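The values are calculated or read from the model by the stated rules, or taken from the named source; none is laboratory data. Keep in mind the model is a prediction, meaning the values are calculated, not measured. Here the Cβ is made from the backbone with ideal geometry for all residues, glycine too, and neighbour counts use every protein chain on show. For the accessible areas, the whole protein counts, side chains as well, though only heavy atoms, and no ligand, DNA or RNA atoms are used. Shrake-Rupley method; radii C 1.70, N 1.55, O 1.52, S 1.80 Å.
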Amino acid sequence: MRFNKCFKFITAILLLISVLAVPTFADTAYKTITVDKNGDYIETQNAYNPVKIIEKIDNEILNKPSDLVIDGELMYIADTGNHRIIVSTLNGELIRIFGEDVLKEPGGLFLAENGEVLVADQSAQAVFAFSANGELLQTYTKPQSLLYGEKESFIPLKVASDGNDNLYVACKGNSNGIVQLSRSTGEFLGYFGANEVVVSLWDMILDAIFTEEQKSQLQQTIPASISNLTVDKKGIVYTMTNIETEQVIRKLNMSANDMLNTNISFPNPSDLTVGNIGNIYATTGNGYILEFNSEGDLLFIFGGFDDGSQRIGLFGTISAIAVTETGELYVLDDTSGQIQTFAPTEFTDSVHTALNLYQQGKYLESKEPWEKVLLMNNLFDYAHKGIAEAYYMEENYSAAMEHFRLSNDKEGVSKAYTEYRNEMIRKNIFTVLGVIVALFAVLYVVVIIKKKTKLLIPVGAGIKKVTDRKLIKEILFIFKIPKNPMDAYYGIKREGKVSVKSASILYVVFILIYLADKYLSGYIFSTITDGQYSLLKDAGIIVGIFVLFVLCHYLICSITEGEASLKNIYCGVIYSLMPYLILRPVVIILTHALTLDEVFILNFLNTIIIACSIALLVVMISELNNYKASETIKCIFWTLFAFFMAIVVLFILYVMCKQTFEFISQIWSEVIYRAEV
């Protein structure tokens, strides 16, 4: 009996330990990376586990293979170095070989919906269509249409087709876009989906000032040529550009407009394919695999470069990737001529299940699998977006706002807050109206009492006593600035209406409002990341800007014979910012009450603040220095020039001091090291 009890106790302890000690990350040759709600890369548990390596197809060794596609249980490989197409099972058992007598350098493969095997061959400068058995059916060569361009070459890199009569060819060096041909006739149908031209500011300046002859001598800015493409089952075209741009991958609709919500950019892209739920898989030449959802949000990065250790999961150079119907990945390494396979983990299967439901708009059904994802990894912030949509459909708007915020989806928070606010208004409308009526009634009673009795005279006397104090009166002088700016600035300059003390208090108030604006604004309109605070740094920057501007303006005024003293300028600047001091707190409060649909109200108030502040500063400079209009403009220009030059000088001094400090630190470390030796 004692033995049984002891055995049960030990078994329970071991079971508990095994549950609590489940490892977060599997022991693989690589790490899996995802993106959190702030856009930072963080490590997560494995999305895919390496399964096996196919070193050769039966006895056939691959020579610099460049493309790979999967159709059911069959795998098609462009064996580029051997000038052929190999068909095998997913386990690497040879089925057939074809194209040896036709192909020269097959580099792109695509399986058409009718079973045809399309092959792009850049050395043959042609696209070949084979039957599933390897019989050559049709050859597409350079189009003879004048619209194609007589001098334009036809060097196919990749090929794809849709369910209609369209054949898409990515040609080397062709900056006009994808070459679109008729599959049935080979007729040139036009160019499709060209990359946008990136024009720099310098290019725009030269374009504005140069003559046509001078422009013709400049190097022409042309769009980058498309290096890879594929077409999904819905006929949507995906392109890849083999340079690091703001949009390496694009998802084009029938009008050639990009459908991705985010820019996808990464270095050294090599291949892409589309999974069964619309997920985009991309690879880099140096061995990394990236998975995006159908909207272009990054889900996972894994893999890595093989430095010679030959560990499974690492690559020499990835040339192609394909995905099976069950979600396994087949990745082609053209350096080793091998194919590595990866199976999705339970975590990834849960993500895909939830994502598939979410992308179909089945938000309620996706809630449970998203919650399962968070149980496995509570750092996978994208799951909160799916859960938020589910709560939104359930009309639980407060919970929806919470999860939208956890996924950093401000549009979602705004959407949920709109409904939450409407719900609160409906529930409390009579209470709010009652409070408003009560306030008006109290105000009316106070007015009557003030007119017919003397009960409020002591209150008025007390208020007047406070406002008549010198410092309070100087601070309240700010409200006279917009009424008559010229008289107000005359009062600052000649009558001593304000003091350095009152101006300093307003400077402190300005800094506090600035910090509140940055850190206490409503989440929907906030520009900072939650939890990231640098109050002293921000306050120091504002103080530095004010000090630098005041000193630069005083210097310019002294040179241009202006009448303003340093005290006048110091006080005049902050009093001219009266619109900011008064209206900005209103804007901060409104950021907690408004949604993105009402952002025009905030933009209107911000425009008033900026326009009125600039106008008052211009009047201040003119009145304090007794300048004419032309002198005022010159003073403003030279003040701004001196201000920016001072910033440049301070930056140079900062860099020099930093380098000097680092140099001294290195010398000191070397001295300490030699002394210890």
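Some observations on this one:
- Around the amide H of K172, modelled in the peptide plane, lie the amide H atoms of I155, L157, all under 5 Å away and 5 or more residues distant in sequence or on another chain.
- Each part gets one Cα centre, and for the range 591-650 versus the range 94-147 those centres are 65 Å apart.
- The gain in end-to-end length when the L551 to E55 segment is fully stretched comes to 171.3 nm, 0.36 nm per residue minus the alpha carbon separation.
- Percent accessible area from carbon and sulfur atoms, the range 568-617, protein chains only, probe 1.4 Å: 81
- Length gained when the stretch I647-A29 is fully extended (0.36 nm per residue, less Cα-Cα span): 217.6 nm
- Placing W370, W668 in order of accessible area, with the largest value first and a 1.4 Å probe, yields W668, W370.
- Whether the range 466-525 is rounded, prolate or oblate, judged on the alpha carbon gyration tensor where a/c under 1.5 counts as rounded: prolate
- Residue-wise HN-Hα couplings along the range 96-110, as the Karplus relation 6.51 cos²θ - 1.76 cosθ + 1.60 with θ = phi - 60° gives them from phi, are 7, 10, 8, x, 5, 8, 10, 7, 10, 8, x, x, x, 10, 7 Hz; Gly and Pro carry x.
- About its Cα centre, the dipole of the range 287-364 is roughly 100 debye, where the only charges are +1 on Lys and Arg Cβ and -1 on Asp and Glu Cβ.
- Rg(Cα)/(2.2 N^0.38 Å) for the chain, N = residue count: 1.33
- Assigned charges on the beta-carbon of Lys, Arg, Asp, Glu; the chain dipole about Cα centre (debye): 5240
- Ligands, DNA and RNA excluded, the heavy atoms of Y41 present near 150 Å² of accessible surface to a 1.4 Å solvent probe.
- Rounded FRET efficiency, nearest 0.05, which uses the C-beta distance separating E346 from I582 and R0 of 51 Å: 0.30
- Simple label model, 7 Å out from Cα along Cβ direction - S565 to S534, nm: 3.8
- At R0 = 25 Å, FRET efficiency that the Cβ-Cβ distance of E325 and K362 yields, to 0.05: 0.75
- Between N166 and R183, the built amide H atoms are under 5 Å apart, and every one of these is 5 or more places off in sequence or on another chain.
- Under Stokes-Einstein, with the Kirkwood radius over Cα pairs as Rh, the value for the range 507-581 at 4 °C and 1.567 mPa s is 91 µm²/s.
- Per residue, the convex hull spanned by the Cα atoms of the range 572-645 measures out at 104 cubic angstrom.
- The range 332-419, accessible surface, carbon-and-sulfur percent (1.4 angstrom probe): 45
- Euclidean distance of C-alpha centroids, the range 446-525 and the range 330-383, integer Å: 59
- For the chain, with +1 on Lys and Arg beta carbons and -1 on Asp and Glu, the positive-most of S184, L596, Q247 along the dipole: L596
- Accessible area (Å², per residue) of the chain, counting only protein heavy atoms and a probe of 1.4 Å: 56
- Accessible surface, 1.4 Å probe, highest first, among residues M620, M656, M259: M656, M259, M620
- Binning the alpha carbon pair distances of the range 486-620 at 10 angstrom intervals from zero yields the distribution 11, 36, 32, 16, 5, 0, expressed in whole percent.
- In the range 345-389, the C-alpha radius of gyration followed by the widest Cα-Cα span (Dmax) gives 9.0, 25 angstrom.
- Per-selection Kirkwood Rh - the range 403-485 (Cα, Å, 1 d.p.): 18.0
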